[in-house]
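Participant: Supplied in structure tokens, the structure appears directly below.
Any read-out appearing in this document is the output of simple, stated calculations on the displayed coordinates, not a laboratory observation. As the structure is a computational prediction, the values presented were derived from the model and not from experiment. Neighbour counts are summed over all protein chains in view; Cβ atoms, including those assigned to glycine, are modelled from backbone coordinates with ideal geometry.
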Amino acid sequence: MFDLVNVFEVFLPQLLLYPNPSDPLNGEAAALMMRDRAAYEQRVKEYCEKHAKPEDVGTAGKEESSDEELSEDGEYASDDDETIPGNPDP
């Protein structure tokens, strides 16, 4: 349907530049945007300073976990042992 390049280079930048408060994902932000544009812009700046620090770029996926941590009780089979019931190998 949409190329991933179009999503990142066209769709998201347009959505960020021209948000649609009449059909919001975040109702609180949309209401603030329609009521008090200056307060909305100040809140956006605060959120950017808090959550979009340049030094944090690339650190979101740094936490590592092993399969053992995710399924310590052995409840889940590994991909190598995965079989589909009722469909024997030919």
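Participant: Sort Y40, Y47 so the one with the fewest other Cβ atoms within 10 Å of its own Cβ comes first.
Facilitator: Least crowded to most crowded, the residues run Y47, Y40.
Participant: If only Cα atoms are counted, what is the Rg of segment 1-51, and what is its Dmax, in Å?
Facilitator: 12.9, 37
Participant: Can you list the HN-Hα couplings for segment 15-23, worked out from phi with the Karplus curve (6.51, -1.76, 1.60; θ = phi - 60°), rounded to whole Hz and with x for Gly and Pro?
Facilitator: Listing the rounded values in order: 5, 6, 6, 10, x, 10, x, 7, 9 Hz.
Participant: Explain nothing, just compute: Karplus ³J(HN,Hα) = 6.51 cos²θ - 1.76 cosθ + 1.60, θ = phi - 60°, for every residue of segment 45-56 in order, whole Hz, x for Gly and Pro.
Facilitator: For segment 45-56, the Karplus curve yields 4, 4, 5, 5, 5, 7, 10, 10, 7, x, 6, 8 Hz.
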